[in-house]
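Values quoted throughout were computed directly from the atomic coordinates according to the rules given, and no laboratory measurement underlies them. The structure presented is a predicted model; accordingly, all values stated were derived computationally and were not measured. Neighbour counts run over all protein chains shown; Cβ positions are idealised from the backbone, glycine included.
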Amino acid sequence: MHLHTPRLLLRWLCPDDLEDFLEYRSDPAVLRYQSMSPMSRAQAARFIKSQAHKALGKAGAYQQIGIERQSDGKLVGDCALKLRAGEPRIAEVGYTVNPAFQGQGYATEAVGALVGELFGRLGIHKVAALVDARNPASFRVLEKLGFAREAHLRLSYFDPIDGDWFDEYWYGLLREEWGRGG
Ligand SMILES: CC(C)(COP(=O)(O)OP(=O)(O)OC[C@H]1O[C@@H](n2cnc3c(N)ncnc32)[C@H](O)[C@@H]1OP(=O)(O)O)[C@@H](O)C(=O)NCCC(=O)NCCS
């Protein structure tokens with residue numbers, strides 16, 4: 001896949017991404033609100049290898065899409081995409097940007113392009129995302145793109161780092177809402 005935005009290129013991860021990928025995927029702070037653990041070099045290399053996809057949109061499993069900055073080819077983050085196993089017309093997304101490059105609108109630009117592709121070329125009906133209620137940067141990205149907060153799940157996630165239960169929000173965007181402006 002090759003999806004261009006004004007500043008970014010969304011494409012599959014490749015072995016040359018290892019150093020850039022490790023910069024943020026080995027950082028516990030980045031993964032704080034994601035159900036993932038920091039990766040070692042070997043784990044990251046294996047993970048990138050496992051992401052050799054041919055086509056976008058796979059039911060029941062996450063696909064990780066690299067976010068490359070066009071100006072210098074740097075991998076600045078990645079998006080995750082999964083079509084629901086039982087209902088592949090509903091997609092779930094996630095996203096991560098290297099802290100060194102956060103706050104520049106990259107996540108919004110990348111997720112916006114991915115969502116456009118899902119509603120356009122893939123004919124997806126709805127895009128959803130589950131976010132930790134303590135992670136406003138994440139739900140701000142969704143709200144800027146026009147997603148609605150559809151559910152507040154009370155104490156539904158046990159965070160092993162804090163040893164306690166926390167709230168989560170489900171966000172959703174319908175195809176007919178896309179492009180109305182967030
Ligand atoms: C969530 C994340 C991807 C956002 O990446 P980003 O490239 O900085 O996002 P953007 O610049 O497009 O937008 C971020 C928005 O959140 C806002 N924001 C950032 N931190 C915030 C905070 N603590 N409180 C409120 N808003 C915050 C920014 O101001 C910006 O909104 P604005 O454009 O209205 O000013 C990034 O913070 C990240 O990788 N976090 C760690 C991984 C993660 O938690 N991913 C989400 C789980 S699915």
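Quick check on packing: order 111-117, 168-174, 87-93, 155-161 by the mean number of other C-beta atoms within 10 Å, highest mean leading.
Numbers: 111-117: 20.6, 168-174: 19.0, 87-93: 17.4, 155-161: 11.7.
Averaged packing, sorted descending, gives the order 111-117, 168-174, 87-93, 155-161.
Counting lysine pairs in segment 2-177 whose alpha carbons fall under 17 angstrom apart, excluding pairs fewer than 8 residues apart on the same chain, gives 6. Measuring max minus min along each principal axis, the C-alpha atoms of the chain give extents of 42, 38, 33 Å (largest first). Please tell me the relative contact order of the chain in percent, rounded to the nearest whole number, where contacts are Cα pairs under 8 Å and at least six residues apart. Reported as a whole number, the value is 17 percent.
Listed by number, the DSSP H helices of the chain that run 15 Å or longer by alpha-carbon position along their axis and have mean Kyte hydropathy of at least -1.0 are 106-119. With one equal scatterer per alpha carbon and no solvent term, the Debye-computed log10 I(q)/I(0) for segment 114-165 at 0.22, 0.24 1/Å reads -0.90, -0.98. Cα-based values for segment 83-148, radius of gyration first and Dmax second, are 12.3, 38 Å. Below 15 angstrom from the Cβ of Gly103, what's the summed charge of the other residues (Lys, Arg +1; Asp, Glu -1)? Net local charge, Gly103 excluded: +3. Between the residues Gln104, Pro38, Leu130, the greatest Cα displacement towards the positive end of the dipole of segment 2-177, with unit charges on the Cβ of Lys, Arg, Asp and Glu, is found for Leu130. Placing +1 on each Lys and Arg Cβ and -1 on each Asp and Glu Cβ, with no other charges, gives the chain a dipole about its Cα centre of roughly 540 debye. Placing unit charges on the Cβ atoms of the charged side chains and taking the dipole of the chain about its Cα centre, the candidate lying farthest along the positive direction among Val93, Phe119, Leu173 is Phe119. Over all directions, what mean area does the Cα convex hull of segment 37-99 project, stated in square nanometres? With the hull built on Cα positions only, its mean projection is 5.4 nm².
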